[in-house]
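Asks: Starting off with a structure, shown below.
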Amino acid sequence: MKLSLIPLLFSALLVSDIVKADDLSMSIGDMLTDKDVMQAANACLLRHPKGANEFVENVYPMNHGMVGVVTADASGRRYDCNAELGTGKVRGSEPIVEPKGPLFVSVRQMQAPPQGECFSSSPLVIGKQLQGWLLSQTGKCGGVSWNGIAAGAKSQ
C-alpha cells in the first residue's frame, strides 16, 4: 500500500498557518512583556510631545522588524509611532487626528436621526428625498465623541 505525502504536507501547512494566526492575536500586555517591544514603547513615549501623563494606548505588530505604538496623554493628544524592534529607534511619530465632522450617515444605515450628547444631526435631502444625516460636533463634550451613532443603526 502506497501512502501519499500530499495530504500530510497539506495538513502541516494548515497547522503552521493556524499557529501564525494565533500569534497575531496577542494582547497589549502580552506584547509588552517582550523586552524589544517594551524598549520600542518607551522610545515612543519619549517621542510623544511633553504634557501630563503620557501613556501607551495600543501596541501592534508591523512588518520588517517594526512595531507600532499608539501613545496618548491626559489632554487627548494621540500619536501613532513606529519603532524598530531590537534597537527601539523611532522611525516616525505622527499625530492621530480624529475626524471632527461633519460625518455623513446614510439613511440606509439609520432611518431616524442619530442622537448623541456630543453631536447634532441634520437631514441631507436631494430632490425631496432624504439621503441621510450630517453629524456635527456640538462642543459639549470637550473632545471628539460620536457616541450614540451605533445605537441608532438598523439591525441587518
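The values are calculated or read from the model by the stated rules, or taken from the named source; none is laboratory data. Because the structure is a prediction, the values reported are computed rather than measured. With ideal geometry, Cβ positions are generated from the backbone for all residues, glycine too; neighbour counts draw on all protein chains shown. Note: accessible area is taken over every heavy atom of the protein model, side chains too, but ligands, DNA and RNA are not part of it. Shrake-Rupley method; radii C 1.70, N 1.55, O 1.52, S 1.80 Å.
Asks: Starting from the Cα of Q129, step 7 Å along the direction of its Cβ; do the same at N147; then give the gap between the two resulting points in nm.
Replies: Distance between label points: 3.7 nm.
Asks: I would also like to ask the following. Give me the number: length gained by fully extending S27 to N42, i.e. 0.36 nm times residue separation minus the C-alpha to C-alpha distance, one decimal in nm.
Replies: 3.6 nm
Asks: To the nearest 0.05, how large is the calculated FRET efficiency for T138 and R91 if R₀ is 35 Å and r is the Cβ-Cβ distance?
Replies: After rounding to 0.05, the efficiency reads 0.35.
Asks: While we're here: So how exposed is R78, as accessible area in Å² (1.4 Å probe, rounded to 10)?
Replies: For R78, solvent-accessible area is about 60 Å².
Asks: Obtain the nm distance between the two label points defined at E98 and K50 by a simple spin-label model: each point lies 7 Å from its Cα along the Cα-to-C-beta direction.
Replies: Output for this residue pair reads 2.6 nm.
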